[in-house]
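**Q** Encoded as structure tokens, here's the structure I'll be asking about.
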Amino acid sequence: MTSSRTNPEEPTGPEGLTGSAAWELLLPAASAPARARGRSIQAALREAVRSGRLAPDTRLPSSRDLAADLGVSRGLVTEAYEQLTAEGYLRSGRGAGTWVGGAVRAARPRARDLAPRSPGARADFVPGTPDLSLFPRAAWASAQRGVLAEAPHEMLGYPDPRGLPRLRTALAELLARRRGVVADPERLVVVSGVAQATALLGFVLRARGTRTVGVEDPGSPQHDALYASAGVGTVPLPLDGEGLAVGPLRASGVRAVVTTPAHQFPTGIAYSARRRAQLLDWARSVDGLVFEDDYDGDFRYDRAPVGALQGLDPEHVAYAGSVSKSLAPGLRLGWLLVPESLADEVVERKRTMDLGHPTVDQALFARFLERGDYDRQLRRCQRAYRQRRDALVAALEEHFPGAQVTGIAAGLHVIAELPEKYGRQEDFLERVASAGVAVRPLSAYAHARVDDAVVRLVLGYAHLSPGRIRAGVGLMAGAVRP
């Protein structure tokens, strides 16, 4: 097929578009099935304007000429011109022809990946990531097939913002059995991880007049931004050897505080029984709230995990957890158990935030819990992570004699304090970074800048095989060998 527009005097370039040029842009669309041809021509013309292939103020061929070039009815081209003129992509005037409008600013479409990673690292000890290769794909796929085969049509509608009753019931049983919480399914809310649980509580507390929330120092760097998004400020509160220091907590004047009592992040300590009792005494005395982030409470390697703080006083403790460390953070699946006095407000805020968590995902996880698959996954992860922690401790003893590993044997990271002979922390970090080792110092999680003379590292290990752990520690040692 050849173009019927061969007039050399026909306008081209920024002032005009030859029929042959338009034909080349739109020919694939004109070859679409008859019923879809009109929509295809419109879409192709729209994309040509968006991408800049048709520049602003370019004159288009008449509908009669373009229809002849494309071998389609004039009505399809006229309809396309009229539709895109109504949308602002084209402009036209009586007797003045049709032109590309000036409202569109061409931009090359691209999708960037902003997922947190350590690009180019030869060894990555940044904490927080589980071993994603342990995700139980076969069991998850089996559960998904079962859910899709059995799900009633009604389940695909808008859900209860708290979550499917089936999942809340299964979660309540799991949390009571494994973490010792007082778990009422009516006060459980299925959320998109602990981050959403934090934001939900922040919005509710802000609506009640709370302006500041206490946070552990050092602690998770995410809390500040999450509470700020809800209009709530944070007050850093120091730790001692038993947990959150009670004196500064009382002096701060806050009535809500975020804690990680089972395995404090990042120091790795477990709150003592005495400190847990003191923290609850404080909450009762000010009619306050303790937000318990149980981010890795299932992973204790030297003994059975200590039960959750919430089990001691469910009316003054809000409890949150997720599958981010046990399955995968990409699932965005967690839970929030709230005191009865906050339940209605939290549920209403959840409703306005997203109308509820995806129902198929909820039903899938409920089935996973009910069939015992989640318990098996936890046991599998516990075995793997215990082995990797042992490998890391042994590698530190070999390559950094005299290094001290502090904190309890739990979770997905350790704290390592190196002997003074390895120099100041700032110099150490520069040298290992030059060798391609990604690592975080303990001071990175403190609110105030700390210039440590002694090297204190937070080393994540769950995402690394024992072999990669040993190689990474060796690489780090080689970079800083005195």
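**Q** Accessible area, 1.4 Å probe, largest first: how do THR98, THR85 sort?
**A** I get THR85, THR98, largest accessible area first.
**Q** Here's something else I'd like to know. Taking the Cβ of ALA170 as the center, what net charge do the other residues with Cβ under 13 Å away carry, scoring Lys and Arg +1 and Asp and Glu -1?
**A** Spelling it out: positives minus negatives among the neighbours equals +2.
**Q** Sorted by accessible area with a 1.4 angstrom probe, largest first, how do MET353, MET476, MET155 fall?
**A** MET353, MET155, MET476
**Q** I would also like to ask the following. Going by average Cβ density within 10 Å per residue, which order do the peptides 270-278, 194-202 take, highest to lowest?
**A** Highest-to-lowest ranking by the protection proxy: 194-202, 270-278.
**Q** Label-point separation (nm) for ALA121 and SER434, each offset 7 Å from Cα along Cα-to-Cβ?
**A** 2.0 nm
**Q** Using the Cα centre of region 320-411 as the reference point, and only Cβ charges (+1 on K/R, -1 on D/E), how large is the resulting charge dipole? Debye, rounded to the nearest 20.
**A** The calculated dipole for region 320-411 is roughly 400 debye.
**Q** Would you mind checking which residues have amide H under 5 Å from ASP217's amide H? H placed 1.01 Å from N; only 5 or more apart, or other chain.
**A** LEU237, LEU239
**Q** Given R₀ = 45 Å, FRET efficiency for ARG53-SER142 by Cβ-Cβ distance, to 0.05?
**A** It comes to 0.40.
**Q** I'd like the accessible area for ASP427, computed on protein heavy atoms only with a 1.4 Å probe and all protein chains in place. Round to 10 Å², please.
**A** About 80 Å², rounded to the nearest 10.
**Q** So what J values fall out for region 403-416 if you push phi through Karplus, 6.51 cos²θ - 1.76 cosθ + 1.60 with θ = phi - 60°, rounded to Hz, Gly and Pro as x?
**A** Karplus-based 3J(HN,Hα) across region 403-416 equals 5, 10, 9, 10, x, 6, 7, 7, x, 10, 8, 10, 9, 10 Hz.
**Q** Where the centroid of each part is defined by its Cα atoms, how far is region 219-283 from region 369-386 in Å?
**A** Value for the Cα centre distance between the two parts: 29 Å.
**Q** Then there is this: If I ignore ligands, DNA and RNA and count only protein heavy atoms, how much of LYS325 is accessible to a 1.4 Å probe, in Å² to the nearest 10?
**A** Roll a 1.4 Å probe over it and LYS325 shows about 40 Å².
**Q** Using the Karplus curve 6.51 cos²θ - 1.76 cosθ + 1.60 with θ = phi - 60°, what ³J(HN,Hα) values do you get for each residue of region 310-321, in whole Hz, with x for Gly and Pro?
**A** 4, x, 7, 7, x, 8, 10, 10, 9, 10, 9, x
**Q** What figure in square angstrom, to the nearest 10, would you give for the accessible area of LEU66 with a 1.4 Å probe?
**A** Around 10 Å² of this residue is reachable by solvent.
**Q** Quick one: order TYR319, TYR295 from most to least accessible surface, probe 1.4 Å.
**A** Putting TYR319, TYR295 in descending order of accessible area: TYR295, TYR319.
**Q** Could you sort the peptides 239-247, 376-384, 53-61 by per-residue average Cβ neighbour count (10 Å cutoff), highest mean leading?
**A** With the highest mean Cβ count within 10 Å placed first, the list reads 53-61, 239-247, 376-384.
The values are calculated or read from the model by the stated rules, or taken from the named source; none is laboratory data. No experiment lies behind these values; they were computed from the predicted model shown. Every residue, glycine as well, gets a Cβ built from its backbone with ideal geometry; the counts of neighbours run over all protein chains shown. Just so you know, the surface numbers come from the protein's heavy atoms only, side chains and all, with ligands and any DNA or RNA stripped out. Shrake-Rupley method; radii C 1.70, N 1.55, O 1.52, S 1.80 Å.
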